[in-house]
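Encoded as structure tokens, the structure appears first; notes follow it.
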Amino acid sequence: MTRKELPVVLTLAALAATALIVYYKGYGLITMLIALLAVFCVFYFIGTVIRMVLDSFYAENKKRKEEEGEVIEKEPSKDENPQEGKTVEKTEENGIKTEAGEE
């Protein structure tokens, strides 16, 4: 069941229960129709409010996940050797680059 169907399902369940109760109590046709109409209006309104609340929670959670999902990856700098993860010093003496982190 999706959130879109919630008011309809809630209303139909309430109408079924109301119809059974009113039928077994032996109310007249007009009284039964008035009771069913009242139950229809009340429970459809309640279902719509619940759906709107759930939709707002879903939208808020979706927005949070999108914000958390935006990970900015750090691009390797020119000073970093991506294969070995070692930093290359910028200073060159006689055309030779030295790597930091070697032992």
Cα-derived Rg to Rh of segment 3-66, Kirkwood definition: 1.23
Only Lys, Arg, Asp and Glu count, each charged at its Cβ (+1, +1, -1, -1), so figure out the dipole size of segment 3-66 about its Cα centre, rounded to 20 debye. 240 debye
Separation between the residue 46 and residue 16 pseudo-spin-labels, each 7 Å from Cα along Cα→Cβ, expressed in nm? 1.6 nm
Once fully extended, how much extra length lies between residue 68 and residue 9, figured as 0.36 nm per residue of separation less the alpha-carbon to alpha-carbon distance? 17.8 nm
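Computed from the coordinates by the stated procedures, all read-outs in this text should not be read as laboratory data. As the structure is a computational prediction, the values presented were derived from the model and not from experiment. Because the Cβ atoms are built from the backbone with ideal geometry, glycine has one as well, and the counts that use them run over all protein chains shown.
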